[in-house]
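Written out below as structure tokens is the structure these notes cover.
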Amino acid sequence: SLASTAITCFTRGLDLRKETEDVLCPANCPLWQFYVFGDGVYASLSSICGAAIHRGVITNAGGAVTVQTLPGQENYPAVNANGIQSQVLARWASSFSVTRTKNTVLEAVGRSVSTARPPTGKRPKKPLDKKAGNKDCKADIAFLIDGSYNIGQRRFNLQKNFVGKVAVMLGIGTEGPHVGVVQASEHPKIEFYLKNFTAAKEVLFAIKELGFRGGNSNTGKALKHTAQKFFSVENGARKGIPKIVVVFLDGWPSDDIEEAGIVAREFGVNVFIVSVAKPTTEELGMVQDIGFVDKAVCRNNGFFSYQMPTWFGTTKYVKPLVQKLCSHEQMLCSKTCYNSVNIGFLIDGSSSVGDSNFRLVLEFISNVAKAFEISDIGSKIAAVQFTYDQRTEFSFTDYTTKEKVLSAIRNIRYMSGGTATGDAISFTTRNVFGPMKDGPNKNFLIVLTDGQSYDDVRGPAAAAQKAGITVFSVGVAWAPLDDLKDMASEPRESHTFFTREFTGLEQMVPDIIRGICKDFLDSKQ
């Protein structure tokens, strides 16, 4: 059973083909993104690695898991275990259980190895594929080196050595991290791009060849330039891979770095600052802004700043920095589908829905909204209820925290009346999405209805799509499939959902979230 299949954090039980299969979970999966249904016996809709952590078979360091397919059942319970809250599911057609993979000698050894290493079981394969690099470290990195008179020629060379060691330890390769270098001095200079080299040897050579430029340390100017110009697709930035700038600063910046930090965050770039030789008490008077590190980093949470006392004896600082740069799930500034979408819910409040089913609709909306990172700079949620009339329950700018959004959804009161879905789509496009159209987020509209609309839905839905809104249609009970397809974005099959009973809404949640994320990624670049 040493031939385990490597899977992702999101592989579900139903994605496997065999009755019993040995799989290998990666390290550092984001716990809050796991969908797990049940306890011990998990609905096959569940994430395998999520279930394995929930069950205590592995930790978040990943590892080998044996998955056994089981028949479906009713009433999968919700249990909180090992940092994962599993969810209730009324019934599902198939299930699985997870156990520790037997006789993996590798497993036992792997536990004590430091966390920078990829999870066990991947180790023996490593030397075969040198070109691919470290696949467990997904990152596009710009090293922004200090080329100012502050640092001087001698320390500039020590800085190059350090950057070279970091580059080698990252495991650069076609499927691993890619790196480039920008030199900050009077004027920034991009020395080489992400696409120029995909082997550590070449990168090392290019770093050795870098010449010292001198001049003021205009780090702010260089950071802004890097955030705006370095990570274009033409220059080798990859879809869905975190963009990172590691700023090396000897002393302090001679210009303002705060605005550059804001620009970097707007562009979805994660800024790290490695400060060497912090300003002494005497020097502090010369520093424009004492809080320069906190203002430039991605988040002021301690993770993105790194200090080294001098450029001498820096070898021991290489590995901890590499571990940070490879911590995919800590890159809070990356634009992901979770933090860069506006989702508007258009809710059928017609009299055929009824009170108790209306509750189930609100629960469905909450479960979708819950998966996203809602904040003033993150994702946003809005809701409109319609009968013949429309009522904006809350707009995108009303609530900027998840708690407030969820509480606003709970407080939506059922209207009861007719069904004019077309009008409601036009109303929502104009009044709810209209004000957001030049914003950075991608727009999604989820239309929930349980019946035939009295008016035309095709025209208004086409207009919404033309305005850049991706439409998912979710039909229940008597909603005609033709209407649902007419409203949905292309490809219609993957944007149209239907269930006979309102209780079936719950099972659609993971697929809707996955659909939003897929569209988001496809639209990037």
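Observations on the structure shown:
- Sole residue being among the aromatic types (Phe, Trp, Tyr) and at pLDDT below 95, chosen from Phe444, Phe520: Phe520
- Scanning the range 374-393 for residues that are open to solvent by less than 10 Å² (accessible area, probe 1.4 Å), touching a strand residue (DSSP E or B) at 6+ places or on another chain (Cβ under 6 Å) and over 19 Å from Asp450 (Cα atoms) gives Ser379, Ile381, Ala382.
- Every test in (1) more than 27 Å from the chain's Cα centre (by Cα); (2) in contact (Cβ under 8 Å) with a residue 60 or more places away in the chain is passed by Val166 save one, and that test is (1).
- Checking each residue in the range 85-140 for being small (Gly, Ala, Ser), under 20 Å from Glu329 (Cα atoms) and modelled with pLDDT under 50 picks out Ser114, Ala116.
- Against the numbered list (1) surrounded by fewer than 19 Cβ atoms within 10 Å (Cβ to Cβ); (2) more than 25 Å from the chain's Cα centre (by Cα); (3) part of a loop (DSSP other than H, G, I, E, B), Val57 comes up short only at (1).
- Scan of the range 229-277 for residues that are among the charged types (D, E, K, R) and either touching a residue at least 60 places away in the same chain (Cβ under 8 Å) or in contact with a Leu (Cβ under 9 Å, 6 or more places away or on another chain) (or both), ordered by number: Arg238, Lys239, Lys243, Asp250, Arg265, Glu266
- Close Cβ contacts (under 9 Å, 6 or more residues apart or on different chains) running from residues in the range 53-74 that are at positive phi and free of Cβ contacts under 8 Å to residues at least 60 places away in the same chain to residues that are open to solvent by less than 30 Å² (accessible area, probe 1.4 Å) and assigned to a strand (DSSP E or B) comprise Gly56/Ala81; Gly62/Leu24; Gly62/Cys25; Gly63/Leu24; Gly63/Cys25.
- Scope the range 139-190; condition in a loop (DSSP other than H, G, I, E, B) and of a type in the set (S, T, N, Q); matching residues: Ser148, Asn150, Thr174, Ser185
- The set of residues in the range 205-225 that are aromatic (Phe, Trp, Tyr) and outside any helix (DSSP H, G or I) contains only Phe212.
- Filter pass, Lys135 being open to solvent by 70 Å² or more (accessible area, probe 1.4 Å), under 19 Å from Arg238 (Cβ atoms) and not in a strand (DSSP E or B): yes
- The single condition among (1) over 14 Å from Gln85 (Cα atoms); (2) crowded, with 20+ Cβ neighbours inside 10 Å that Asn28 does not meet is (2).
- Only one of the numbered conditions (1) free of Cβ contacts under 8 Å to residues at least 40 places away in the same chain; (2) outside any strand (DSSP E or B) is not met by Arg91, and that is (2).
- On inspection, Lys295 passes the criterion of being modelled with pLDDT under 90, of a type in the set (Lys, Arg) and assigned by the TED database to the domain that holds Tyr149.
- Hits in the range 404-429 - residues which are farther than 27 Å from Tyr338 by Cβ and free of Cβ contacts under 8 Å to residues at least 40 places away in the same chain: Arg413, Ala420, Gly422, Asp423, Ser426
- Filter result for Pro510 (of a type outside the set (A, V, I, L, M, F, W, C), modelled with pLDDT under 95, within 30 Å of Trp92 (Cα to Cα) and crowded, with 20+ Cβ neighbours inside 10 Å): yes
- Number of positions in the range 397-406 that are open to solvent by less than 40 Å² (accessible area, probe 1.4 Å) and either among the hydroxyl-bearing types (Ser, Thr, Tyr) or in contact with a Ser or Thr (Cβ under 7 Å, 6 or more places away or on another chain) (or both): 1
- The residues listed here are Lys324, Lys335; of these, the one that is open to solvent by 50 Å² or more (accessible area, probe 1.4 Å) and either out of contact with any Pro (no Cβ under 9 Å at 6 or more places or on another chain) or at pLDDT below 90 (or both) is Lys335.
- Looking only at residues of the range 483-525 that are in a strand (DSSP E or B) and not aromatic (Phe, Trp, Tyr), we find that the one that is nearest to Gly378 (Cα to Cα) is Thr496.
- In the range 414-447, the residue that is nearest to Ser350 (Cα to Cα) out of those that are aliphatic (A, V, I, L, M) and touching a Gly at 6+ places or on another chain (Cβ under 8 Å) is Met415.
- Flag if Arg458 is of a type in the set (Lys, Arg), in contact (Cβ under 8 Å) with a residue 12 or more places away in the chain and either open to solvent by less than 50 Å² (accessible area, probe 1.4 Å) or under 24 Å from Val353 (Cα atoms) (or both): yes
Here's the yes/no breakdown for (1) of a type in the set (Lys, Arg); (2) in a strand (DSSP E or B); (3) in the same structural domain as Ile241 (by the TED database):
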| position | (1), (2), (3) |
| --- | --- |
| Asn301 | no, no, yes |
| Val322 | no, no, yes |
| Lys335 | yes, no, no |
| Glu363 | no, no, no |
| Phe372 | no, no, no |
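- If you filter the range 469-482 down to residues that are open to solvent by 30 Å² or more (accessible area, probe 1.4 Å) and either in a helix (DSSP H, G or I) or at pLDDT 95 or above (or both), you find that the one that is nearest to Phe372 (Cα to Cα) is Leu481.
- Number of residues in the range 419-452 that are within 16 Å of Val384 (Cα to Cα) and either small (Gly, Ala, Ser) or not in a helix (DSSP H, G or I) (or both) equals 14.
The values are calculated or read from the model by the stated rules, or taken from the named source; none is laboratory data. Predicted model only: the values in this text are computed from it and were never measured. Virtual Cβ from ideal backbone geometry, glycine too; neighbours counted across all protein chains shown. Heads up: the accessible areas ignore ligands, DNA and RNA and are worked out on the full protein's heavy atoms, side chains in. Shrake-Rupley method; radii C 1.70, N 1.55, O 1.52, S 1.80 Å.
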